[in-house]
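A quick write-up on the structure given underneath.
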Amino acid sequence: MFFINLPESVEQAFADRGIPAAEIRYTAKADVSKENQYEEIYLALTNRELCILRGHEKFIEQRGKDTVVEYLCTDYRCIPLSDITEVLVDRLYTVSSFLVRTKEEEILVCRLSASLIGLFEKFGKRITALRDGEPVDDSGLKNEHKCCPKCKRPYPHQDRNVCPNCESKRASFFRLLKEYLTFKKEAVVIFVMIFLSSALTLIVPLFSSQMFYDQVLTPPGDGVGKYYGMLWQMVLAVFSIKLVSTIFSSFYGIIVSKISCKVLHNLRVKIFSSMQRLSVSFFASKTTGTLMTRIDDDADWLYWFFVDLVPMYLVSGLTIIGLVVIMGTISLPLTVLIFAAIIGVAFLVVKAEKRLKQLQRRQHRAIRSMKSTITDSLGGQKVVKSFARENQEIRRFTGKNQNYWQSRMNVGYYNAAHFPVIRMIYRVSEIIIFGLGAVLAVQGHLTLGALTALIAYADMTLNCIEYFINAANPVARAMDSASRMFEILDTEPSVRESDHPVHIERMRGDIAVKNISFEYEIGRPVIKNVSFEVKSGQMIGLVGRTGAGKSTIINLISRLYDVTEGEITIDGVNIRNIATADLRRNIGVVTQETYLFMDTIANNIRYARPDASMEEVVAAAKAAFAHDFIMRFPEGYDTMVGNGGVQLSGGEKQRLSIARAILQNPAILILDEATAAMDTQTERNIQTAIEKLRAGKTIISIAHRLSTLRDADLLAVIDDGKLSEIGTHQELLDKRGVYYSLHKIQLDSLKFINQE
């Protein structure tokens with residue numbers, strides 16, 4: 001059932017009106033009433049009729065964790081598909097209308113916000129398809145509009161199965177702990193060492209305070225003075241206990257450091273691996289600085305979380321539990337008062353941490369923005385220098401840096417204003433409580449040793465509480481960093497391999513584009529119902545004005561994106577079902593924007609086939625007319641290029657890119673303005689090389705200079721995302737359509753240049 005999951009109460013409401021869930025093919029939900037008020041309007045489409053349900057949910061009762069609701073219908077209507085003559089979405093600036101026309105009337109089914117336009121356009125197409133009995137292609141709708149299985153609400157990010165409504169605030173902590181516990185043996189050793197170290201730390205005040213004053217320094221009497229005069233023995237016992245405790249804490253500290261490095265190494269590898277699996281659309285929406293921050297800075301915060309925060313949290317937690325027991329045996333009333341003060345302080349800390357986490361997130365956004373500005377400016381230094389915009393870049397960075405400074409100051413101000421006050425509140429409470437303890441000691445209700453032990457234990461309690469207070473800031477940073485890192489791990493690629501992929505070792509290269517549509521943004525189609533076929537060994541040229549959608553089509557054929565509707569097949573197999581590795585190996589792409597890695601020229605060419613021999617690399621470079629300029633460098637093919645290496649011209653980079661594609665020897669070669677940065681002679685040489693490569697290969701080429709494509713077997717003219725014309729060069733000229741106009745404009749331009 002597409003497009004949304006109906007709540008159980010809505011399914012029941014449709015079933016009560018004779019529309020069982022088994023008969024519903026498609027569903028949609030609008031959010032604006034005819035009166036422009038918020039309203040839940042559910043649409044259900046069957047093979048026979050369109051059903052419209054208006055109303056709202058009413059709470060009935062709470063059964064355990066489940067909330068029982070009933071859908072109260074205020075209006076219901078069914079329209080037979082046979083009566084519908086037209087379906088349209090009337091787009092307005094803020095709220096659009098979904099309309100259905102019959103022979104008798106025009107029906108305003110509902111109004112909808114801009115975010116739902118794309119869904120309702122697809123819904124409308126399926127109304128007409130079912131009405132006309134046409135086959136419906138739902139392959140592009142898989143996993144769309146996914147909902148949380150618990151609350152049934154759509155995920156805010158459809159590529160990440162995480163529901164903010166149901167996700168526990170402690171989820172990030174437990175997921176980090178799960179990573180930590182992959183080293184089970186070491187984790188057990190650490191816990192035992194922490195437990196023993198904490199236990200020994202708790203014993204020390206019993207010896208150094210209570211027993212020292214009551215049993216060693218006090219003469220024998222009523223229950224005291226058992227070890228009177230054994231001063232050196234007591235000092236040796238306290239020293240031994242502290243020494244053993246220090247050995248244990250040092251031992252677990254060493255193990256924790258080693259494990260933490262391994263855990264962070266594993267997390268970094270997981271995050272980078274997850275990024276490599278994600279689709280192009282993910283990177284189009286993220287800046288380089290943002291992603292670098294998640295791998296680098298966020299991982300550093302998690303390192304300190306594992307090395308310092310987790311062990312100390314365990315130590316402090318176990319210590320407080322032991323303190324409750326020991327202090328309760330010494331004086332229950334004073335212990336109750338002490339821990340009442342502690343609970344009050346803990347409540348204030350928790351309240352402060354919530355606000356602190358918000359400030360930390362703002363600080364992260366500020367540093368992320370600042371780093372993005374740095375990478376953007378440094379990467380575009382040629383443009384900056386060309387337009388003399390150094391001062392403008394300085395001002396832009398200064399503004400970002402100012403925002404980061406302000407966010408850090410806000411965190412600092414908040415820490416300085418709140419946590420010292422919390423600490424002072426506890427100190428005052430402690431003074432009052434021990435004033436009462438002194439009164440009890442004077443009245444004989446407590447021994448001097450018991451009071452001094454209680455004071456020592458109270459100081460230990462305060463140290464634990466102060467640690468929790470001081471750790472609030474790094475803990476908030478660590479959890480914030482963890483949530484961002486897990487966001488990467490949880491994100492699913494928008495282009496996924498089939499569960500049972502079809503393996504094709506070597507493709508023939510028969511390509512069929514069948515009624516494809518595509519949109520980067522919901523409701524804004526870029527490609528609209530395009531169809532064409534290319535046979536193995538043929539060359540097709542895609543021509544059209546800038547922004548017409550030519551590059552998008554080759555991105556869809558390469559499956560960098562998935563079509564919204566329709567399908568693309570290679571050798572009769574839908575590319576969604578072809579194994580990704582086989583698809584990438586059989587399709588070579590040369591674009592106008594060539595990227596070279598910071599490596600040698602040979603390795604950049606060999607990137608397509610890492611196992612290629614040096615002879616094959618040189619042969620590919622010669623075929624791409626790159627060998628001559630490569631050999632002019634002192635180090636030849638071992639010359640470093642890319643960032644920090646030799647700077648190459650645009651034409652030289654493109655020739656290396658073409659050599660890379662030649663070495664790959666794909667069944668399908670895609671050229672996107674591959675010769676745009678070359679001089680005329682080099683372009684002719686490359687065209688000659690491409691002609692030699694055409695044997696047995698399917699070539700898809702994009703070029704604005706129509707003269708470079710006149711020998712193509714087919715020319716497809718793309719205009720505003722639609723296929724307006726297709727045919728040979730001469731056939732399209734004879735039609736005197738869009739291609740003829742483009743050709744005439746270029747001829748007139750050449751004549752004008754020649755006259756000059």
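The values are calculated or read from the model by the stated rules, or taken from the named source; none is laboratory data. Remember, it's a predicted structure, so these values are computed and weren't measured experimentally. Please note: Cβ atoms are built from the backbone with ideal geometry, for glycine as well, and neighbour counts cover all protein chains shown. All accessible areas refer to the heavy atoms of the entire protein, side chains included, with ligands and DNA or RNA removed. Shrake-Rupley method; radii C 1.70, N 1.55, O 1.52, S 1.80 Å.
Packing-wise, with mean Cβ within 10 Å as the measure, how do 456-468, 317-329 rank, highest first?
Details: 456-468: 18.7, 317-329: 16.4.
Result, highest mean first: 456-468, 317-329.
Counting only other residues whose beta carbon sits under 10 Å from that of Thr594, what net charge do I get with K and R as +1, D and E as -1?
Residues close to Thr594 contribute a combined charge of +1.
Just subtract the alpha-carbon distance of Asn401 and Ala129 from 0.36 nm times their residue separation and send over the number in nm, one decimal.
Stretched out fully, the Asn401 to Ala129 stretch lengthens by 92.4 nm.
Rounded to the nearest 10 Å², what accessible area does Glu533 show when all protein chains are kept and the probe is 1.4 Å?
100
Solvent-accessible area per residue for the stretch 505-561 at a 1.4 Å probe radius, Å²?
With the other protein chains kept in place, the stretch 505-561 gives 43 Å² per residue.
Order Phe486, Phe633, Phe191, most accessible first, counting only protein heavy atoms with a 1.4 angstrom probe.
Ranking Phe486, Phe633, Phe191 by accessible area, largest first, yields Phe191, Phe633, Phe486.
Can you check how the C-alpha radius of gyration of the stretch 567-627 compares to 2.2 N^0.38 Å, as a plain ratio?
1.41
Leaving ligands, DNA and RNA out of it, work out the accessible area of Phe183 with a 1.4 Å probe and give it in Å² to the nearest 10.
40
With a sphere of radius 11 Å drawn around the Cβ of Tyr607, what net charge do the other residues whose Cβ falls strictly inside it have (Lys, Arg +1; Asp, Glu -1)?
With Lys, Arg at +1 and Asp, Glu at -1, the neighbours total +2.
Go from 0 up to the bin containing the longest alpha carbon distance in the stretch 412-563, width 10 Å each, and give me the % of pairs per bin.
Final binned percentages: 8, 19, 15, 10, 8, 9, 10, 9, 7, 3, 0.
Between the stretch 379-431 and the stretch 301-367, how far is it from one alpha carbon centroid to the other, in angstrom?
Taking the Cα centre of each part, the stretch 379-431 and the stretch 301-367 sit 27 Å apart.
Along the principal axes of its C-alpha atoms, what lengths does the stretch 392-435 span, in descending order and rounded to whole Å?
64, 8, 6
Leaving out ligands, DNA and RNA, and with a 1.4 Å probe, what % of the accessible surface on the stretch 309-401 is carbon or sulfur?
Here it works out to 66 percent.
Gain in length, Ala416 to Ser741, computed as 0.36 nm per residue apart minus the alpha-carbon separation, to one decimal in nm?
109.9 nm
Arranged from highest to lowest average of other beta-carbon atoms within 10 Å per residue, in what order do the peptides 337-348, 714-725 appear?
Highest mean packing first, the order is 714-725, 337-348.
Roughly how many Å² of Trp405 are accessible to a 1.4 Å probe, to the nearest 10?
Approximately 120 Å² for this residue.
Subtract the Cα-Cα distance of Glu106 and Asp90 from 0.36 nm times their separation in residues, and report this length gain in nm to one decimal. Each step should come with its number before you reach the end.
Details: separation 16, 0.36 × 16 = 5.76 nm, distance 1.24 nm.
Net length gain for the segment: 4.5 nm.
With the crude spin-label approximation of a point 7 Å out along Cα→Cβ, what separation in nm comes out for Glu57 versus Met631?
Result for the modelled spin labels: 7.4 nm.
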